[in-house]
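Here is the structure we will look at.
The values are calculated or read from the model by the stated rules, or taken from the named source; none is laboratory data. Nothing here was measured: the structure is a model prediction, and the numbers come from that model. Neighbour counts are summed over all protein chains in view; Cβ atoms, including those assigned to glycine, are modelled from backbone coordinates with ideal geometry. Side chains included, ligands, DNA and RNA excluded: accessible areas come from the protein's heavy atoms. Shrake-Rupley method; radii C 1.70, N 1.55, O 1.52, S 1.80 Å.
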Amino acid sequence: MPPRNHKSWLAKPPVEAVSSEIYSSQKIYEEEIKKIFAKVWVPLIHKSEIKEIGDYRTSQIAFQNILIVNHGDRVRAYINPGVRGVAGNIDITLTMDNVKELYCEVKHGGMVWVTLDPNPTMSVEEWTCGAFDCIADAIDTEEMEVFHYHKAIIDTNYKLWHDTNSEFYHDFMHYFNRVSGFNDEYFARKNIPFDNGHVNVSSFTVNYTEYDGFEDRGELSFPNLPPNQWYMVDLFPGFNFNLRGSAYRSDSVTPLGPNKVLIEFRGYGLRKDTKEERLTRIKHHNSIWGPFGRNLHEDLIGVAGQGTTMREGTETRRILHGRHENGTIHDEVGMRHYYKAWGDMLGVNPEQPLAA
Ligand SMILES: [Fe+2]
């Protein structure tokens, strides 16, 4: 697409820009909880976190308390349970009164997916509609296991976290990525949109040894994943799956306000890992994605700064998503695709979200 002037911007196609109000409005935030988070499939935990029969985890979707229980034959999810339990194990038959079971599926590398929707129109497979295909052979061939969990509560809008996972020009902010990754293959990576607002980013070969003190990750990988590859799945409305050589990471957002988000991070290896393999995966994971790694905290600082500039009461801005570069890494196709789905689900125009 040629460069655009004032006239061509006025004649813009839809969702080439969003209003900063989408990141700051209390009204929009409340609508998102109701119309998006209470409707979609949410990857809440990994099944390895409830290994034994009777193991459970608690979580929330759209401020509703959720209980996820390993029943042996299957994993089940409940809402608002009146549970009197002891940590780690409960007697389901004796203590759960007045519970309502929710739709729950284990899918895509053993994630436990739950929806508050009492009548979901799609299965998890239909909802994700191919977005996981690029990493399916790597995450579904062997049982995986969570080895890392940490969370961050950040004063920013949850969509800014998803944005940072789906746009790649902020990669210039990461020194580690610049030295280990900026090669011809990197710039040829493609953003591939799927239905329901999901996008994935195709792989390239990372040169880990370009960074002082880092080692090549080729020796320890995931099943069917060529050495030193890096795939990303950005799942609407705020879940990210990141496969980088020998370590796999998932991010999950829980919006707590227009300007507050809880982000949960998990790291995964294979259940069959030897002790040495697991230690290597943990080292590789933490050296990039741990709280003191070379990447993740930089993203957190970035989105906290963005949040500061877009709080309620700040001047409304028009944020362009107008870069067209044949779907390659700096094309904003992923952002346009996401905000098209977002606007459709909320029934608003992202450029004028508060218009009557
Ligand atoms: Fe980043």
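Of the residues that make up region 1-16, is at least one open to solvent by less than 30 Å² (accessible area, probe 1.4 Å), touching a strand residue (DSSP E or B) at 6+ places or on another chain (Cβ under 6 Å) and either closer than 22 Å to Asn240 by Cβ or at pLDDT below 75 (or both)? The answer is no; no qualifying residue exists.
Can you spot a residue in region 103-116 that is without any contact (Cβ under 8 Å) to a residue 60 or more places away in the chain, open to solvent by 60 Å² or more (accessible area, probe 1.4 Å) and not in a strand (DSSP E or B)? No, region 103-116 contains no residue that is without any contact (Cβ under 8 Å) to a residue 60 or more places away in the chain, open to solvent by 60 Å² or more (accessible area, probe 1.4 Å) and not in a strand (DSSP E or B).
Scanning region 139-169 for residues that are within 17 Å of Gly238 (Cβ to Cβ) and within 11 Å of the ligand (Cβ to nearest atom) yields Trp161, Asp163, Thr164, Asn165, Ser166, Glu167. With the structure loaded, tell me whether Pro226 is assigned to a loop (DSSP other than H, G, I, E, B), within 27 Å of Val333 (Cα to Cα) and open to solvent by 10 Å² or more (accessible area, probe 1.4 Å) or whether it fails that test. Taking the combined requirement at face value, the residue satisfies it. Here Ile53 fulfils each of the conditions (1) crowded, with 19+ Cβ neighbours inside 10 Å; (2) free of Cβ contacts under 8 Å to residues at least 60 places away in the same chain; (3) not hydroxyl-bearing (Ser, Thr, Tyr) apart from (1).
Restricted to region 70-88, and to residues there that are at pLDDT 50 or above and within 12 Å of Thr58 (Cβ to Cβ), the residue that is surrounded by the most Cβ atoms within 10 Å (Cβ to Cβ) is Ala77.
Collect the residues in region 117-135 that are among the small types (Gly, Ala, Ser) and open to solvent by 20 Å² or more (accessible area, probe 1.4 Å), keeping them in residue-number order. Matches in region 117-135: Ser123 only. Among what's in region 172-213 and is within 12 Å of the ligand (Cβ to nearest atom) and without any contact (Cβ under 8 Å) to a residue 12 or more places away in the chain, pick the residue that is surrounded by the most Cβ atoms within 10 Å (Cβ to Cβ). Taking the candidates together, the pick is Arg178. Residues that are within 20 Å of Gly343 (Cα to Cα) number at least 1 in the following strands (runs of 3 or more DSSP E) confined to region 131-215: 191-193, 199-201. Checked against (1) in contact with a Gly (Cβ under 7 Å, 6 or more places away or on another chain); (2) under 13 Å from Asp163 (Cβ atoms), Arg336 passes all but a single condition, namely (1). In this entry, Glu351 is excluded by the filter for residues that are more than 25 Å from His198 (Cβ to Cβ), of a type in the set (Asp, Glu) and at pLDDT below 95.
Taken over region 297-321, residues that are touching a strand residue (DSSP E or B) at 6+ places or on another chain (Cβ under 7 Å) and away from the ligand (no atom under 16 Å from the Cβ) amount to 5.
Residue-level check: of (1) within 16 Å of the ligand (Cβ to nearest atom); (2) more than 29 Å from Phe222 (Cβ to Cβ), Arg336 misses just (1).
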